[in-house]
Amino acid sequence: MTSLDFDSFVLAAATDDLSAEPAARDHADAVEFRLDLATDSLTQIDAYSGDLPLIVTNRAAWEGGEADDEASRLDTLNSALDHEAVAAVDLELGALDGSVSEAATDQARELRTTAREAGVSVIASVHDFESTPSVDGMIDLLAHASNEGDVGKLAVTATDRSDALAVLSATHSAVEAGQTVATMAMGTAGQHTRAVAPVYGSAIGYAPVDPEGATAPGQYDLETLRELVDRLQ
Ligand SMILES: O=C1C[C@@](O)(C(=O)O)C[C@@H](O)[C@@H]1O
């Protein structure tokens with residue numbers, strides 16, 4: 001199974017159903033498995049025999065996901081690391097740095113160490129479902145996130161073009177500073193950033209395997225994002 005070091009762009013097909021992986025193979029480089037949205041997530045991972053490497057995400061409720069209990073969601077992620085198909089794990093910056101979830105910070109950090117020892121990359125992620133911070137604010141968040149993880153990921157909500165431009169600008173600064181980052185602006189006003197941010201060096205894009213099953217506002221379908229990214233590169 002391929003490891004994911006995010007040196008080049010990775011298009012992740014987001015899904016809560018790993019049986020959808022064959023449908024993603026033609027266009028995706030990886031599958032983002034959303035454990036928090038899935039039924040029997042660990043059973044699905046145990047049964048997985050697909051071609052694409054997995055990014056495992058068990059998004060906390062306090063970060064827009066559906067996993068309520070902090071200790072048990074991190075335990076589940078820890079168990080997921082045992083599967084050889086798992087190439088990356090997504091951990092919220094607020095869990096790693098204790099700023100949101102102080103209770104489980106030690107557990108999140110141990111999970112990061114376990115992942116790295118197993119050769120699994122760590123994506124430290126931050127989401128803003130309300131707005132787009134200032135360019136400087138985003139540059140700070142990306143520096144912080146890429147310091148806590150192997151990739152620092154920032155998904156914000158754009159309400160107009162200046163927000164989208166700000167995300168691209170922050171991406172450019174972070175990449176110029178040598179950080180490995182993934183960025184996107186959620187929402188209609190930010191949709192094009194999903195195709196354009198990779199031009200500025202954003203290392204991961206997300207699109208649903210099933211267009212009906214978007215995991216964030218403003219996502220393109222998988223085939224469309226693959227084509228846009230490839231044409232712009
Ligand atoms: O963090 C992200 C990015 C995302 O929110 C997006 O905007 O595409 C989609 C999520 O599934 C993923 O975990």
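Principal axes first, then extents: for the Cα atoms of the range 165-207, list largest minus smallest coordinate on each axis, whole Å, largest first.
The principal-axis extents, from largest down, are 29, 20, 13 Å.
Please list the three semi-axes, largest first and in whole Å, of the ellipsoid equivalent to the range 1-86, using sqrt of 5 times the eigenvalues of its alpha carbon gyration tensor.
21, 14, 13
Treating only the Cβ of Lys, Arg, Asp and Glu as charged (+1, +1, -1, -1), what charge dipole size does the range 13-108 show about its Cα centre? Round to the nearest 20 debye.
160
What translational diffusion coefficient, in µm²/s and rounded to a whole number, does the Stokes-Einstein relation yield for the chain at 10 °C and a viscosity of 1.306 mPa s, taking the hydrodynamic radius as the Kirkwood radius over Cα pairs?
Stokes-Einstein gives a translational diffusion coefficient of 92 µm²/s.
So if I place +1 on the C-beta of Lys and Arg and -1 on the C-beta of Asp and Glu, and nothing else carries charge, what would the dipole magnitude of the range 123-209 be about its Cα centre? I want it in debye, nearest 20.
Once rounded to the nearest 20, the dipole reads 300 debye.
Find which of SER131, ALA177, GLN191 sits farthest along the positive direction of the dipole of the range 116-191, computed with +1 on the beta-carbon of Lys and Arg, -1 on that of Asp and Glu, about the Cα centre.
So the residue we want is GLN191.
Restricting to Cα pairs below 8 Å that are 6+ residues apart, what does the relative contact order work out to for the range 1-156? Please round to a whole percent. Intermediate values should be presented prior to the final figure.
On the way: 278 pairs, mean separation 28.5, N = 156.
18 percent.
For the range 150-209 and the range 38-116, what is the separation of their C-alpha centers, rounded to whole Å?
If you average the Cα positions of each part, the centres end up 23 Å apart.
Specify which residue in the list VAL151, GLN219, LEU165 is farthest towards the positive end of the charge dipole of the chain, using unit charges on the beta carbon of Lys, Arg (+1) and Asp, Glu (-1), about the Cα centre.
Positive-end residue among those listed: LEU165.
Taking every pair of Cα atoms in the range 97-233, average 1/r, invert it to obtain the Kirkwood radius, and report Rg/Rh to two decimals.
0.98
Quick query: amide H of SER125 versus all other amide H atoms, modeled in the peptide plane; which residues come in under 5 Å with a sequence gap of 5 or more or a different chain?
LEU91, GLU92, LEU93, LYS153
Given 5 Å bins starting at zero, what is the percent of C-alpha pairs of the range 111-181 in each, up to the one with the largest pair distance?
Per 5 Å bin, starting at zero, the Cα-Cα P(r) for the range 111-181 comes out as 4, 18, 26, 22, 14, 9, 6, 2, 0 percent.
Modelled label-to-label distance, SER79 and ALA47, 7 Å Cα→beta-carbon offset: nm?
1.5
Roughly how many debye, to the nearest 20, is the charge dipole of the range 77-229 about its Cα centre, given +1 on each Lys and Arg Cβ, -1 on each Asp and Glu Cβ, and no other charges?
320
Computed from the coordinates by the stated procedures, all read-outs in this text should not be read as laboratory data. No experiment lies behind these values; they were computed from the predicted model shown. Neighbour counts run over all protein chains shown; Cβ positions are idealised from the backbone, glycine included.
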